[in-house]
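Bear in mind that the values in this text are calculations on the coordinates, not laboratory data. Just so it is clear, the model here is predicted, and its values are computed rather than measured. Note that each Cβ is placed from the backbone with ideal geometry, even for glycine, and that neighbours are counted across all protein chains shown.
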Amino acid sequence: MTTTLSVLFALVCAITTAAEPSKSLPRSKPEAQGVSSTAILDFVKTADRESESLHSFMLVRHGQVVAEGWWTPYNPDSRHELYSLSKSFTSTAVGLAIAEGKLSLDDQVSKFFPDDMPAEPSSQLKAMRVRDLLTMSTGHTSEPKFGRTDAWTKTFLGHIVTHKPGTFFMYNTPATYMLSAIVQTQTGSSTLEFLKPRLFEPLGIADPTWGTSPQEISLGGYGLNVRTEDIAKFGQLYLQRGKWGEKQLVPANWIDLATSRQVSNGSNPASDWEQGYGYQFWRCRHGNYRGDGAFGQYCIVLPKQDAVIAITSGTKDMAAILNLVWDKLLPSIQEQALEPNPVAQQQLEETLAKLTLPAQTGETNSSIVSSIDKKRFNLPTNDRDLEGISLERSSDGNFVLVTQSGGSDHRIVCGNGAWIKGKSSFGSFPEQAIAACGAWTSEGEYTARLCLYETPFCLTTRLQFKGDEVLVNIESNVGFGPSKWPELVGSAK
């Protein structure tokens, strides 16, 4: 009887597994899927040596993950801020809403927001269609500037439309926000909630988060946070023209339209930003396409090679990463399986397992520690919301960076030569996951590296102690403005 029950249970499990595709992508060896382990290793080592900016990498061939790696403290379980890669997900929501009859490509934008239209709308504004939002050809010559309290849809519609919509390409993140607002207006759900049962849940994308506007509309053009494998799944879905398992999640014709050249965005054959633009997807060199986000968040789809590459990073040179993909990975993908190469495979696996962002180097102690330990240095008013700063030595030999903002203390433990993960806020950055390491880089100078490892940002904070004063210099690896913060002089008096 026990044996019979065991067999029946195993049969039920097998049927359930067959009916419900695995939430994770299957894994395989590179050579088994026609990819050279040696070439992947060259890509990873070159990226590590030349940029020190990659946070994660995943290569999928024939639907199988053949290589994956995270640079510590980044890891497979943490979500990563996608920035403008979010746009490709918003495009997918629009395609699904169209398929459900909620709107059409040729609907005029004005029809969705009659109360937000200017008193005397221009003919150019009235001519703007959904497809013009999708192709970044709204007719604007500058982006509308959204405030913290105004109605963003009204601000967008009040912005001057210089060109006839559909005739002039200009990258326009507020246009993607309008697509998200249209999805919410027509479906009654935010873009995030609309996509959950239609895209995220079927793909096994767990707990995605998406920032919202003051009107509680998903930001659309940025603000989505998912994991590296989630990016790869999204790319694989598009590679399969919207089919996942036995289900057609996204219409194949939408995939074709969204990823094809809908509008010209330049003529430089050497630039991956001038190969044409689709519906919130970029065309690439070599016949490929991608979704991408600021500082190097990539979902690259290679249809001819039946491959997908997912990358997260914090780089100032996004083109360098694509160039590395084309130079190192693209030539390594062959039509047929390759002979096994166990030595190269082992080297690749060991390298991928040991990837890390460099920890701060220097001394573990300084002669001035006893004089500055726990001494609070008050900071002048600044736009980074830092009110005070201090350094403490902990019992385990590490140091704790303590900042004051909003009248509260925020503690960040900095490992000696190694990253220590925690959760804290830092000035104007809200409370979030932070990994930190630090060292004494000269007599009287402590340098801490703070990695906000669910974002592209790493902050290098240098504290130069001079009696009752401290000079605070902070520099970010990337940013939309100056990466170096203005120097602050703190006083213990």
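Here are some notes:
- The chain: relative contact order as a whole-number percent, Cα under 8 Å and 6+ apart: 16 percent
- As a proxy for reagent exposure, ranking 185, 167 by other Cβ atoms within 10 Å from fewest up yields 167, 185.
- Ranked packing of 390-397, 55-62, most packed first, by mean Cβ within 10 Å: 55-62, 390-397
- Under the Karplus curve 6.51 cos²θ - 1.76 cosθ + 1.60, θ = phi - 60°, whole-Hz ³J(HN,Hα) for segment 368-382, x wherever Gly or Pro sits: 8, 4, 4, 7, 10, 4, 6, 7, 7, 10, 6, 10, x, 4, 8
- Segment 369-491: C-alpha gyration tensor shape, a/c 1.5 cut-off, then a/b vs b/c: rounded
- Under Karplus coefficients 6.51, -1.76 and 1.60, residue-wise ³J(HN,Hα) of segment 465-479 in Hz, glycine/proline x: 8, 9, x, 8, 10, 9, 9, 10, 10, 10, 9, 9, 5, 9, x
- Each principal axis of the Cα atoms in segment 270-336 has its own extent, and those three values, largest first, are 35, 25, 21 angstrom.
- Note on residue 421 and residue 395: their simple-model spin labels are 2.4 nm apart, each label 7 Å out from Cα toward Cβ.
- Residue by residue, segment 283-291 carries 3J(HN,Hα) couplings of 6, 10, 5, 6, x, 9, 9, 7, x Hz when phi is fed to the Karplus relation 6.51 cos²θ - 1.76 cosθ + 1.60 (θ = phi - 60°); x denotes Gly or Pro.
- Only the Cβ atoms of Lys and Arg (+1) and of Asp and Glu (-1) were treated as charged; on that basis the dipole of segment 220-277 about its Cα centre amounts to roughly 180 debye.
- Between segment 376-392 and segment 157-207, the C-alpha centres lie 40 angstrom from each other.
- Simple spin-label estimate for residue 466 and residue 335 in nanometres, 7 Å along Cα-Cβ: 6.9 nm
- In terms of its alpha-carbon gyration tensor, segment 206-349 comes out rounded; the largest-to-smallest axis ratio a/c stays below the 1.5 threshold.
- At least 18 Å along the helix axis (C-alpha) and Kyte average at least -0.5, DSSP helices within the chain: 2-19, 37-50, 86-99, 173-187
- Summarising the strand pairing of the chain, around 95 percent of its internal DSSP beta bridges are antiparallel.
- Distance between the modelled labels on residue 108 and residue 371, one decimal in nanometres: 7.4 nm (7 Å Cα→Cβ projection).
- Lys, Arg +1 and Asp, Glu -1 on Cβ, resulting dipole of segment 31-353 about Cα centre, debye, nearest 20: 900 debye
- Spatial separation of Cα centroids for segment 89-110 and segment 429-472, in angstrom: 46 Å
- Between 399, 359, 370, the Cα set farthest toward the positive side of the dipole of segment 349-407 (charges on each charged residue's Cβ, about the Cα centre) is that of 370.
- Relative to the Cα centre, the charge distribution of segment 369-491, modelled as +1 at Lys and Arg Cβ and -1 at Asp and Glu Cβ, gives a dipole magnitude of about 200 debye.
- Normalised contact order of segment 217-312, rounded percent, pairs of Cα under 8 Å and 6 or more residues apart: 23 percent
- When peptides 85-91, 221-227 are ranked by their average number of other Cβ atoms within 10 Å per residue, the highest-first order is 85-91, 221-227.
- Dividing the mean sequence gap of close Cα pairs (under 8 Å, 6+ apart) by how many residues segment 369-491 holds gives a relative contact order of 17 percent.
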